[in-house]
1. Taking the Cα centre as origin and putting +1 on Lys and Arg beta-carbons and -1 on Asp and Glu beta-carbons, what dipole magnitude results for segment 140-304, to the nearest 20 debye?
2. How far is the Cα center of segment 108-158 from the Cα center of segment 413-438, in Å?
3. Helix-derived [θ] at 222 nm for the chain: sum -39500 (n - 2.57) over DSSP H runs of at least 4, divide by residue count, nearest 500?
4. Based on alpha-carbon centroids, what's the gap between segment 10-51 and segment 296-370 in Å, whole number please?
5. Sort ASP121, ASP171, ASP320 so the one with the fewest other Cβ atoms within 10 Å of its own Cβ comes first.
6. Of all DSSP beta bridges in the chain, what percent run antiparallel (nearest 5)?
7. Mind scanning LYS248/LYS288; LYS53/LYS106; LYS206/LYS288; LYS206/LYS248 and naming the pairs with a C-alpha gap bigger than 18 Å?
8. Taking a ≥ b ≥ c as the square roots of the Cα gyration tensor eigenvalues, with a/c under 1.5 meaning rounded and otherwise prolate when a/b beats b/c, else oblate, which class fits segment 204-350?
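Bear in mind these aren't lab numbers, they're just calculated from the coordinates by the rules spelled out. Bear in mind that the values here come from a model prediction, so they are computed numbers and not experimental data. Every residue, glycine as well, gets a Cβ built from its backbone with ideal geometry; the counts of neighbours run over all protein chains shown.
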Amino acid sequence: MIEYRNLRVALLGAGSVGSQTARLLLEHADELASRVGAKLELAGIAVRNTSAKRDVELPAELYTTDAEALITSSDIVIELMGGIEPAKSYIIQALTSGADVITANKALLAEHGDELFEIADQVGAQLYYEASVAAAIPILRPLRESLAGDRINRVMGIVNGSTNYILDRMDRFGDSAEDAAAVALELGFLEADPTLDVEGYDAAQKVTILASLAFHTSVPVASVHREGIASVTLEQVRAAREAGYVIKLLAIAERLADPDTGVESISARVYPALISRQHPLATVHEGKNAVFVEAEAAGSLMFYGAGAGGVETASAVLGDLVSAARRHVAGGPGVAQKAHASLPIVPVGSIETRYQFTLEVADEPGVLATVATVLASHRVSVETVIQTASTDTEASGTATLVIGTHTAREASLSATVTELANLGVVTAVKSVLRIEGI
């Protein structure tokens, strides 16, 4: 019988992810010990109410309301409470007491990550957070370690399973946005209050973490341009399908270079966009996540899998736990996360992209020429134009123009749409979507 040293593990929170993490840690204790070279003892689970009913049955003696005492008596602390406070205070207490910390708290990292990493660096502890983005998909460790010697130019992905489920049902089954959201809520893909998902806040927090790692630069969540899917209609989804596209809510972080000076900067943004049905991200269905990484030497890489779920996220948490435990066994200080590049972050108006916009216009001679004049005045080049007469009896005398542009500066494209909306011959701007992934 091998005698292992003992490492005490504190768990903060017993929700869906926390309960599954505790279950797996208890069930696979012997196997994990053999991988680590130390016994991982679940010292306790800090909760608000020890008698609350939970989905996973765990030993009652593990539950405690004294989180601080549990933290100070443990070697590794797993924070799965969510929210900013008291999670932030507990993590700081754990780090300053010498414990390594594992968290899946994307909101906390997006808002206060720099502060927490600085504390960890000062005391020689380590903060692990693989589960904070895309749950079971191993994407942060590859960015931090496997691709550390490469130069990453772009990270683009679907990092919110709830919105992907809704858009996927609209695309594949013809559901309205309301019907698709109702199904997502019923199946547990969507919270009762869907704001964080539908308005893009969740994805913005995650792209903050991805961008900071990919470009070795602190990227505040406030600097991320954010648009949700609330304005995406079934009509837009159907039109996208007919044109060979699918609409996805994309989180994008990319390295930009000024064509004149070569000075580099970063763009981080979240918005619904058109993706060619030939692009790998177009095949990501239901609540799955996928992240597409473009690196200078490694080329294009795609990471795909379950982006949410209690047991799936617990898998990533336990992966971090094994890494933390191995570090304790080997000894030595934690590896600092340095945001050494300090590249400037530019507003969305500075990026270059492509647009597809749909206009309802007067069905009369000269309209197309008038529209083309506006585009030319903003130095926006047209790639495709499709004009059809309206079949709506209430809109008789009108036609529909679907215009696809070549790549242009976002600010110019936005100004173009604004001016077109004010033209007398344009009765409505029915849809404006960016085209990505070309």
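1. The calculated dipole for segment 140-304 is roughly 440 debye.
2. Each part reduced to its Cα centre gives a spacing of 37 Å.
3. On the way: 13 runs with 149 residues, N = 438.
Roughly -10500 deg cm²/dmol at 222 nm, from the helical runs in the chain.
4. 30 Å
5. ASP121, ASP171, ASP320
6. 70 percent
7. Beyond 18 Å: LYS53/LYS106.
8. Oblate shape, in that a/c is at least 1.5 and b/c is the bigger or equal ratio.
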